[in-house]
Every structure is written in structure tokens, then in C-alpha cells.
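Contents: one structure, followed by commentary.
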């Protein structure tokens, strides 16, 4: 049980709201999702969302920041070289595939890219991409390798977002590498 002044309950609620935001915004985008839908998905009231976030944009930005951290942690875990072998770009890409296995994460990122007319969202996306570049650079990737990894990751977003791994269409097989 939280003690007075302990923010663990508030942090837990905030995390639940951000997780709901990723799911809800993934389904309908920034412009098509209400804070009421996010609140319902988190099992709280809409006014409580506004106690945690000043407005819908701030909530969306928090969701972008959350997804950015998830991606960076995945890159970092994949880049750990306990075996002493050089960093393997294929291993990094496989880790990204595991993160984006949930199409909602991918759809959320796609919707975020479509909402860049909102200055705060555009800035959050710049931070997100900068964090991915910084993380991959810190792992020792060259600029060329970093672009290869991020380019393949963006293609993976399309493949997962459109469910192409399950399509028998030849063009879908070509895009998904099957």
C-alpha cells in the first residue's frame, strides 16, 4: 500500500493510461480518438485523464515517449554482446521484429507520423527518432548500418501494420521477405 506522498499509485495509473493511449490511438489515430476512449480503456474516468495530462496532445506525446523508450530498450538488449562477438545487425533487426510483433505499436507509430501538424507531436517524434539513432550509434553501428537498421525497421512497420506476413499475395511476400 502506498504511503502518503508516495506516487507509485499515480505512476501506475499514469502508465495504465499511456498503455491504453497507445492501444486507442493505434486504432483511430490522434484526431479520431477521444480522451474518453482512452480513459475507458484504462478503467478510469475521463476527468482523471486530465489530472494526469494537461490535454490530449500531452497524452499522445507521453505515448510517443513511451514507445520510444520501449524501442530503445529493445535495441540495447539486442546489442548486448555477452559472447564477445561483434554486433550483429541481423540480431538487432530480429529484436525490433519482436517489439513490433504487436501491430498496435506499429499502427500507433504510423498514426504519430500522420499527426506531425501538431507541433508538440512533431517534436516528440523528433526526440523518438533521435533516441533511436543515439542508441544505435552507442551500440557501435556505423551511420550506414544505423540507416540499414532503421530503414528495415520502417519497412517492418508496414509489413506488420498491414498484416503482410499472413498474405499469399506475391507483392506481400516480396515486401515481407518470404
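We did not get these values from a lab; they are worked out from the coordinates using the rules stated. Nothing here was measured: the structure is a model prediction, and the numbers come from that model.
Contact order, relative form, for the chain: 23 percent (alpha carbon pairs under 8 Å, 6 or more residues apart, mean separation divided by residue count). Only one of (i) 114; (ii) 158; (iii) 179 was calculated from the structure for volume of the Cα convex hull per residue in Å³, and its label is (ii).
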